[in-house]
Amino acid sequence: FYSLGLGDPLAVSGAHGIGIGDVLDAVIHALPEKEKNEYDGMTKFCVIGRPNVGKSSLVNAILNQERVIVSNIEGTTRDAIDTPFKREGKEYVVIDTAGIRKRGKVYENIEKYSVLRAMSAIERSDVVLVVIDGEKGIRDQDKHVAGYAHEAGKGVVIVYNKWDAVEKDEQTMHTIEKEIRAQFLYLSYAPVLFVSALKKQRIHTILPVIDEVHDYSVLRIQTNVLNEVIMDAHKGQRLKIYYASQVSVAPPTFVLFVNDPELLHFSYKRYLENRLREAFGFTGTTLRILARERNR
């Protein structure tokens, strides 16, 4: 109180006639202004995956320079490393992370710290690259790792790395993508890229897809257009949808005002989500659909 120039704290409501509102105003006035994030306005993306899938090599290939330690030893990258860069007039920040293991296999404190840093990197990112080792194929850990990004509502791109090491013919890419779709059912919206960080093959395809996913994650739909799509798609009899509104982005979140929220079952929510994707795209980004009773 003295430092804020309010005098004796016992006199807050006494002789000085100062109320709680005055105190709060003075406190807020004394607080330092919120610092702007140095990465504001940049597209932030992180690279996640289980240990030794080639995340650091992929970062180096995107940057076209050796900025991150590359090693065949699992767990070489222990921390999250932020690297801002510019490409064709656009600004990005790539966040390399330590490999994520299943929680049940995280024994050492340093490994626990690495997982926490990876989770923090996901939270700070706009788009998440989920990297799969093309030599070893899809593992349960891959699905576990990808689940973090999906649950966080981030834009997701699946990157099948070490494509140069895969024996292939004209059907291989289609076959593997079909397998990925079957293993990652909850990521049906995520684009799949086949690259080789070591040989720098198809690396040029990554940033354009990141841009596309980021644009969709912040896309806002006009209310009248949204309602036209929802009402045209709605075939329910017991469930009545009166009105739809987009309430936020990253991820795009929609609220349906209905007669009874309990009637919006998961399967029907998925049906409406698919109709929204058909109408507006939303490549690489999860959608959230919420139901609210109209009189609320």
* Structure fact -> When the stretch 57-84 is checked residue by residue, the ones that are open to solvent by less than 40 Å² (accessible area, probe 1.4 Å) and modelled with pLDDT of 85 or more are Ser57, Leu58, Val59, Asn60, Ala61, Ile62, Leu63, Thr83
* To do: Could you please let me know if Thr175 is polar (S, T, N, Q) and open to solvent by less than 60 Å² (accessible area, probe 1.4 Å)?
  => no
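The rows are residues; the columns are (1) among the hydrophobic types (A, V, I, L, M, F, W, C); (2) surrounded by 24 or more Cβ atoms within 10 Å (Cβ to Cβ); (3) within 24 Å of Ile203 (Cα to Cα); (4) modelled with pLDDT under 90.
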position: Arg103; (1), (2), (3), (4): no, no, no, yes
position: Tyr107; (1), (2), (3), (4): no, no, no, yes
position: Glu111; (1), (2), (3), (4): no, no, no, yes
position: Ser114; (1), (2), (3), (4): no, no, no, yes
position: Val131; (1), (2), (3), (4): yes, yes, yes, no
position: Glu135; (1), (2), (3), (4): no, no, yes, no
position: Arg139; (1), (2), (3), (4): no, no, yes, yes
position: His144; (1), (2), (3), (4): no, no, no, yes
position: His150; (1), (2), (3), (4): no, no, yes, no
* For the stretch 223-245, state whether one or more residues are closer than 30 Å to Pro84 by Cβ and out of contact with any Asp or Glu (no Cβ under 8 Å at 6 or more places or on another chain). => no
* Starting from the stretch 128-153, take each residue that is farther than 26 Å from Pro208 by Cβ and in contact (Cβ under 8 Å) with a residue 12 or more places away in the chain and list its partners that are of a type in the set (Asp, Glu) and in a strand (DSSP E or B), counting only C-beta distances under 9 angstrom and pairs at least six apart or across chains. => Arg139/Asp133
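Can you confirm whether Lys235 is outside any strand (DSSP E or B), open to solvent by 80 Å² or more (accessible area, probe 1.4 Å), touching a residue at least 24 places away in the same chain (Cβ under 8 Å) and of a type outside the set (Phe, Trp, Tyr)?
So Lys235 fails the test.
Would you check if Lys168 is basic (Lys, Arg), over 23 Å from the mean Cα position of the chain (by Cα) and crowded, with 18+ Cβ neighbours inside 10 Å? First the steps, then the outcome.
On the way: basic (Lys, Arg): yes; over 23 Å from the mean Cα position of the chain (by Cα): yes; crowded, with 18+ Cβ neighbours inside 10 Å: no.
Criteria not met by Lys168.
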* Quick one: in the stretch 189-206, which of the residues that are polar (S, T, N, Q) and open to solvent by less than 50 Å² (accessible area, probe 1.4 Å) is nearest to Asp133 (Cα to Cα)? -> Ser196
* **Residue identified as more than 25 Å from the chain's Cα centre (by Cα) and open to solvent by 40 Å² or more (accessible area, probe 1.4 Å) among Tyr243, Tyr186, Tyr268** => Tyr243
* Structure fact -> Residue count, the stretch 274-296, condition within 15 Å of Tyr189 (Cα to Cα), open to solvent by 30 Å² or more (accessible area, probe 1.4 Å) and either touching a strand residue (DSSP E or B) at 6+ places or on another chain (Cβ under 7 Å) or not aliphatic (A, V, I, L, M) (or both), comes to 7
* Test: Val209 is open to solvent by less than 40 Å² (accessible area, probe 1.4 Å) and touching a Lys or Arg at 6+ places or on another chain (Cβ under 9 Å) -> no
* Asked: Looking only at residues in the stretch 48-66 that are over 21 Å from the mean Cα position of the chain (by Cα) and in a loop (DSSP other than H, G, I, E, B), which one is nearest to Glu88 (Cα to Cα)?
  -> Asn64
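The values are calculated or read from the model by the stated rules, or taken from the named source; none is laboratory data. A quick note: this is a predicted structure, and the numbers were derived from the prediction, not measured. Using ideal geometry, Cβ is built from the backbone for each residue, glycine included, and neighbour counts are taken over all protein chains shown. Accessible surface areas use protein heavy atoms only, side chains included; no ligands, DNA or RNA. Shrake-Rupley method; radii C 1.70, N 1.55, O 1.52, S 1.80 Å.
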